[in-house]
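Working notes, beginning with the structure itself.
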Amino acid sequence: MAYLRDCHRIVVKVGTSTLTHATGHLNLRRIQSLVKVISDMKNSGIEIVLVSSGAVSAGVAKMGYGHIPSTPEEKQAMSSIGQSELMKLYDKFFSDYGHTVAQILMTKDVLENPIRRSAAQNTFNRLLAMHCIPIVNENDAISTDELTKFGGNDILSAYIAKVTHADLLINMSDVDGLYDSDPRKNPNAQLITKVEKIDDELYKIAGGAGTDRGTGGMIAKLNAAKIVNDCGIPMFIINGQDPEILYVLLDGGHIGTYFKADKSLKEKNTDE
Ligand code: GLU
């Protein structure tokens, strides 16, 4: 099955563990490689929205803290230092491949308010029509509570896929996909290549599995898959270690875990 064949618009989510070294500093080689593949996907005619984490980690590394601060205020300050660092790099690397990036920092209340959501949708549509690559992150610097926070970029990326009416969400993580047991504990754990239905059994399986860095474990990824699947958008979890793995999808192959969606639900997505 050529998963990308009918995809005109794709949201790609990339996590902190993919974008940074264990030291917290940005992994330049990997970011550059990611930018190259996304540029190629864009050159092939697919509209891309990139949801990127890494701001807090980049800020911490830049300030030489050595660890993620515990107070929300400090974390928020780090995110605003790191966000500009992150965008500086994306801007530089995407420019090298002839693409223009645009930053959108999102809070949950924006998507819950019809007027503000519609304004955001118009901006996404206009940017994509201008052949730009919107790069989205949670507006960590000003989001503090239940009302404004998405609770991680796995969930944010699902809402962005929904609000932009994307055809696919690709979640790039530091694991190959969803396993039938925790691969860090069980060497015989098998990768689940295709999920037809997200049920309690799957949540039980995902409960034990996590990722090494960043905020999103497997449960968050399942929640994200559920949000998009419910409005007819399929999702992949793939390993972002080598971003060139995206070429496998572009060439019609299969990698990671695919969460199938009933595409007829897409027409019912009233999130206009
Ligand atoms: N927004 C956070 C950051 O840029 C990351 C949140 C997440 O990884 O889920 O550092």
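What to note about this one:
- Overall, the accessible surface of the chain at a probe of 1.4 angstrom is composed of carbon and sulfur to the extent of 51 percent.
- Estimated inter-spin distance, residue 70 and residue 109, nm [label 7 Å along Cα→Cβ]: 2.9 nm
- Debye-sum result for segment 1-145 in log10 I(q)/I(0), which assumes one identical scatterer on each alpha carbon, at q = 0.09, 0.12, 0.17 Å⁻¹: -0.30, -0.53, -0.99
- Residue 111 accessible area, 1.4 Å probe, all protein chains in place, Å² to nearest 10: 20 Å²
- For the residue pairs 185/263; 13/197; 88/108; 75/108; 92/260, the C-alpha atoms sit more than 29 angstrom apart in 185/263; 92/260.
- GNM top mover of 161, 220, 119 - the chain, alpha-carbon springs below 10 Å: 119
- Relative contact order for the chain: 23 percent, from Cα pairs under 8 Å spaced at least 6 residues apart, divided by residue count.
- Simple label model, 7 Å out from Cα along Cβ direction - residue 189 to residue 63, nm: 3.3 nm
- Net charge of neighbours whose Cβ lies under 14 Å from the Cβ of residue 140, counting Lys and Arg as +1 and Asp and Glu as -1: -2
- Positive-pole candidate from 148, 239, 190, dipole of segment 126-272, charges at beta carbon: 190
- Two-site label geometry, residue 100 and residue 118: point separation in nm, points 7 Å out along Cα→Cβ: 2.6 nm
- Among beta bridges from DSSP that stay inside segment 19-145, the antiparallel ones total about 10%.
- The trypsin sites (Lys or Arg not before Pro) of segment 1-52 that meet both conditions, a loop assignment by DSSP and at most 16 other Cβ atoms within 10 Å of the site Cβ, are 5.
- If R0 is taken as 22 Å, the Cβ-Cβ distance between residue 219 and residue 181 corresponds to a FRET efficiency of 0.90.
- Sum of -39500 (n - 2.57) over DSSP H runs of 4+, divided by residues of the chain (222 nm, nearest 500): -12500 deg cm²/dmol
- Charged-residue dipole, Cβ positions (Lys, Arg, Asp, Glu), the chain about Cα centre, Debye nearest 20: 340 debye
- Using a probe of 1.4 Å on the protein chains alone, the accessible area found for residue 8 is around 120 Å².
- Among 207, 177, 256, residue whose mean-square fluctuation peaks in a GNM of the chain (springs only between Cα atoms under 10 Å): 207
- Checking every one of the GluC sites (Glu not before Pro) in segment 82-148 against DSSP loop status and a limit of 14 other Cβ atoms within 10 Å picks out 146.
- Between segment 64-96 and segment 1-52, the Cα center-to-center distance that results, in Å: 18 Å
- Within the chain, percent of DSSP bridges classed antiparallel, to nearest 5: 15 percent
The values are calculated or read from the model by the stated rules, or taken from the named source; none is laboratory data. The shown structure was predicted, so the numbers you read here are calculated from the model rather than taken from an experiment. Because the Cβ atoms are built from the backbone with ideal geometry, glycine has one as well, and the counts that use them run over all protein chains shown. Heavy atoms of the whole protein, side chains included, go into the accessibility calculation; ligands, DNA and RNA do not. Shrake-Rupley method; radii C 1.70, N 1.55, O 1.52, S 1.80 Å.
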